[in-house]
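Contents: one structure, followed by commentary.
The values are calculated or read from the model by the stated rules, or taken from the named source; none is laboratory data. Since this is a predicted model, take the numbers as computed values, not measurements. Here the Cβ positions follow ideal geometry from the backbone for every residue, glycine too, while neighbour counts run over all protein chains shown. Please note that ligands, DNA and RNA were not included when accessible areas were found on the heavy atoms of the full protein model with its side chains. Shrake-Rupley method; radii C 1.70, N 1.55, O 1.52, S 1.80 Å.
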Amino acid sequence: MPHDHDNELDPMEARLRALETVLTRKGLIDPAAIDAIIDTYEHRVGPRNGARVVARAWADPDFADRLRRDATAAIAAMGFSGRQGEHMRAVFNTPQTHNLVVCTLCSCYPWPVLGLPPGWYKAPAYRSRAVMAPREVLAEFGLTLPDSMTIRVWDSTAELRYLVVPMRPAGTEGWDEAALTDLVTRDAMIGTARALEPA
Ligand code: FE
């Protein structure tokens, strides 16, 4: 990740780190087990839900329409709801417009569909630069967009969380939802990447 220069701990992270150290020294927790749990929510359970939402939107125009009009209800109908996902909005990438999600104030993030936010999402550098210089930030993530493409930046709040629906990759005509799901990454749903191309 090109964001590891941003390694200052905020006060809450510092306290968590201290607490984890104490509990580990006392033999009460196993940091490796905690890392495994966090990894699960960061990379597996969470984003997998969002990927299923996106794949369904690609495969089913009626669902895409419902997702556009009332994302909270459409996502809840798939069984994904709960804390930090009470008020959702889906923003659809098009050939003209790319969407990028940030939380400038803290780290608001749609947990039921994406799991826990990655470290860089919470980092001050991402939170400020995604708004001031989104094209540069995307390029640092390896996503270089033509100048003709508009970038819309969505600032998450406690009231409203965003899910980016990336464009469906070419060459996936006729694919079923399960196969499409595998192309939808966490970063594509934050807007720092495209969906994967078919292998
Ligand atoms: Fe926040």
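Only one entry of PRO146, PRO169, PRO112, PRO95 meets the criterion of being part of a loop (DSSP other than H, G, I, E, B) and in contact (Cβ under 8 Å) with a residue 40 or more places away in the chain, and that entry is PRO95. Check whether at least one residue in the stretch 11-25 is basic (Lys, Arg), within 17 Å of the chain's Cα centre (by Cα) and either assigned to a loop (DSSP other than H, G, I, E, B) or modelled with pLDDT of 80 or more (or both), and report yes or no. No.
When residues of the stretch 161-179 are filtered for being more than 16 Å from the ligand (Cβ to nearest atom) and surrounded by 12 or more Cβ atoms within 10 Å (Cβ to Cβ), how many remain?
Total meeting the criteria: 10.
Scanning the stretch 123-138 for residues that are open to solvent by less than 50 Å² (accessible area, probe 1.4 Å) and more than 14 Å from the ligand (Cβ to nearest atom) yields ALA125, ALA133, PRO134, VAL137, LEU138. Annotation: of all residues in the stretch 105-122 being open to solvent by less than 50 Å² (accessible area, probe 1.4 Å) and within 18 Å of VAL91 (Cβ to Cβ), the one that is nearest to the ligand (Cβ to nearest atom) is CYS108. Put simply, of THR104, THR72 the only residue that is farther than 23 Å from TRP175 by Cβ, assigned to a helix (DSSP H, G or I) and in contact with a strand residue (DSSP E or B) (Cβ under 9 Å, 6 or more places away or on another chain) is THR72. Residues that are touching a residue at least 60 places away in the same chain (Cβ under 8 Å), open to solvent by 40 Å² or more (accessible area, probe 1.4 Å) and within 16 Å of the ligand (Cβ to nearest atom) do not occur anywhere in the stretch 53-76.
Per the conditions (1) within 21 Å of ALA74 (Cβ to Cβ); (2) away from the ligand (no atom under 16 Å from the Cβ); (3) open to solvent by 20 Å² or more (accessible area, probe 1.4 Å), the sole criterion not satisfied by PRO146 is (1).
Taking the stated definitions as given, is ALA158 open to solvent by 20 Å² or more (accessible area, probe 1.4 Å), among the aliphatic types (A, V, I, L, M) and either closer than 24 Å to ASN49 by Cα or at pLDDT below 95 (or both)? In short, yes.
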